[in-house]
Each structure stands twice: as C-alpha cells, then as structure tokens.
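Heads up: the structure comes next, in structure tokens.
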Amino acid sequence: MQPGECSKILRLLGQFLEQEEAEEVGIEDHEEYVEVSWRNQSGDREERYHDASELAALRLSAELYRGSTDSRHYGLAELLRTLGQELDDLQLESVAIAATPDGFFASGNVRGNELSRTYTQRELIARAQSYRRQRGASSGSGAR
C-alpha cells in the first residue's frame, strides 16, 4: 500500500472480510502484496494474499455493489476505511493492523520512524461519522 491509498484498500478488504464473516482480523502490507488473515465462523484460521490484480478485482466487485448496504451501519468495511484515512493522514508505510477486543492496533513507519497506535471502535465510529458529514457537505456543495 502506498501512502495515501490505505483508506481505499482497507475499505475493500473490509468488504471482503464482512462477506467472510471474519473475526480476529490481521492485515499486513508487504511491498508486492497485502496479507490478510482471520478466523472464520468455524474457528479455523484463514489467510489470503492480495496482489495488485486481486485488489483491482475487489475494487470492481465493490463498485458493482456500491449503495446496496445500509449506509448507517458501521461494519468492518467502514471501520477499516476510517482507520485507513487516519493512517493516510499520518503517511504511514509498511502498515500492519491487528484487531483487538475493542478496536484495532496499527503500526508502521513514518519517514523511517516506527509508529504504533491503538484505535478503539468507539473512536473510529466517531471519526467515521465526522468523515461522512464532511463527504456529505462537499458533495452537497457542488464540489468535485
């Protein structure tokens, strides 16, 4: 993931993980691919490795289903998108994310310095609400 594209990629991965009914999610950025792991409904651990072409396929799938979900819902896709916006703002590279009982732990590098931070679910929902208001205001004002 390049700095500035975390929110888009994490939203796509969140949509995929919602479909899988995933729990105990882990996401790690490698230069050539993104590793995603989770516990499925049977309790088994699963892993997927998404390269650029697989992420493009997820993006196409997401575009086809855009608007078909409850926009008031703050599921995994919205929480990861919001987390990605935070990481984009920090310009975090070499991102690693792990679900915690109350949110997510994220780590990576900012201009060569290691950075780690915990984000609670409550904090991410509040930020998601704020981002939604901002998007609504900019789309309603004729901004492009």
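None of the figures in this text is laboratory data; all of them are computed from the coordinates on show. Bear in mind that the values here come from a model prediction, so they are computed numbers and not experimental data. In this analysis, Cβ positions are derived from the backbone assuming ideal geometry, glycine residues included, and neighbour counts consider all displayed protein chains.
The sum of -39500 (n - 2.57) across all DSSP H runs of n ≥ 4, divided by the residue count of the chain, sets its helix-only mean residue ellipticity at 222 nm to -14000 deg cm²/dmol.
Simple spin-label estimate for GLU21 and ARG117 gives 3.4 nm between the two label positions (7 Å along the Cα-to-Cβ direction from each Cα). In the stretch 6-139, the ratio of gyration radius to Kirkwood radius, Rg to Rh, stands at 0.95 when only Cα atoms are counted.
Which is the longest run of the chain containing none of the GluC sites (Glu not before Pro) found in DSSP loop states (not H, G, I, E, B) with at most 14 other C-beta atoms within 10 Å? Before the final figure, lay out each step's value.
Values: sites that count: GLU5, GLU21, GLU31, GLU32.
Within the chain, the longest run free of exposed GluC sites (Glu not before Pro) spans 33-144.
The gain in end-to-end length when the GLN2 to SER61 segment is fully stretched comes to 19.1 nm, 0.36 nm per residue minus the alpha carbon separation. For the stretch 108-139, applying the loop criterion from DSSP together with a ceiling of 10 other beta carbons within 10 Å to the trypsin sites (Lys or Arg not before Pro) yields ARG111. Computed from the Cβ-Cβ distance with R0 of 30 Å, the FRET efficiency linking GLU54 to ARG133 stands at 0.35.
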